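The values are calculated or read from the model by the stated rules, or taken from the named source; none is laboratory data. Keep in mind that what you see is a predicted model, and the values were worked out from it rather than measured. So basically every Cβ, Gly included, is an ideal-geometry build from the backbone, and we count neighbours across all protein chains shown.
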Amino acid sequence: MTHSTDLAAALESFIREEVARQLADLQLNAPAPRELPRHMTVREAADYARRSTSTVLDACQSGALFAKQRVKGGTWSIRPASVDAWLEGTEDPHREQVEKWQRRPARPSRPRRHRAQQRTDSPDDDGPAAA
């Protein structure tokens, strides 16, 4: 009876070691998780969301997907978190921050000074004509 118990214990130990070795190999050979860019284009967002580019573009233009354009007709800049919120149907927290920033009171701007006013002539200096 001890012979079969020893054999079962040895077999169990071998199986545990083999499973641990195979798991370690899988973890070492697994591809590294892809780091998402800070901003994506419409095509990148479409690939990320597994939607067509026209669907993502329509969502950007309608405001359903929070995105920015620096100039009218320019490329769209989309955050990955905005795409996630759009897919889940939740409100994008970045949109709230931007809208809050846009609602804040504007700082008064300083009047622009002309170049002639920016120069300060010292009383001792009479300029090039005095020489």
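Taking into account only those residues within the range 72-93 that are closer than 16 Å to Asp58 by Cα, part of a loop (DSSP other than H, G, I, E, B) and not basic (Lys, Arg), which is farthest from the chain's Cα centre (by Cα)?
Selected residue: Gly73.
Please determine whether any residue of the range 19-38 is among the charged types (D, E, K, R), surrounded by 14 or more Cβ atoms within 10 Å (Cβ to Cβ) and part of a loop (DSSP other than H, G, I, E, B).
Within the range 19-38, the subset among the charged types (D, E, K, R) is 21, 25, 34-35, 38.
Checking which are surrounded by 14 or more Cβ atoms within 10 Å (Cβ to Cβ) leaves us with none.
Looking for residues that are among the charged types (D, E, K, R), surrounded by 14 or more Cβ atoms within 10 Å (Cβ to Cβ) and part of a loop (DSSP other than H, G, I, E, B), one finds none in the range 19-38, hence no.
Taking the options Gln97, Gln61, Gln117, Gln102, name whichever one is among the polar types (S, T, N, Q), surrounded by 10 or more Cβ atoms within 10 Å (Cβ to Cβ), at pLDDT below 90 and in a helix (DSSP H, G or I).
On the way: Gln61 fails: at pLDDT below 90; Gln117 fails: surrounded by 10 or more Cβ atoms within 10 Å (Cβ to Cβ); Gln102 fails: surrounded by 10 or more Cβ atoms within 10 Å (Cβ to Cβ).
Just one listed residue meets the conditions, Gln97.
Name the residues in the range 61-94 that are in contact (Cβ under 8 Å) with a residue 12 or more places away in the chain and over 18 Å from Leu36 (Cβ atoms), would you? Working first, answer last.
The initial filter retains those residues of the range 61-94 that are in contact (Cβ under 8 Å) with a residue 12 or more places away in the chain, namely 64-67, 75-83, 85-87, 92-94.
Ala64, the sole residue that qualifies.
For Arg79, indicate whether it is buried (at least 17 other Cβ atoms within 10 Å of the Cβ) and within 21 Å of Glu99 (Cβ to Cβ).
On the way: buried (at least 17 other Cβ atoms within 10 Å of the Cβ): yes; within 21 Å of Glu99 (Cβ to Cβ): yes.
In short, yes.
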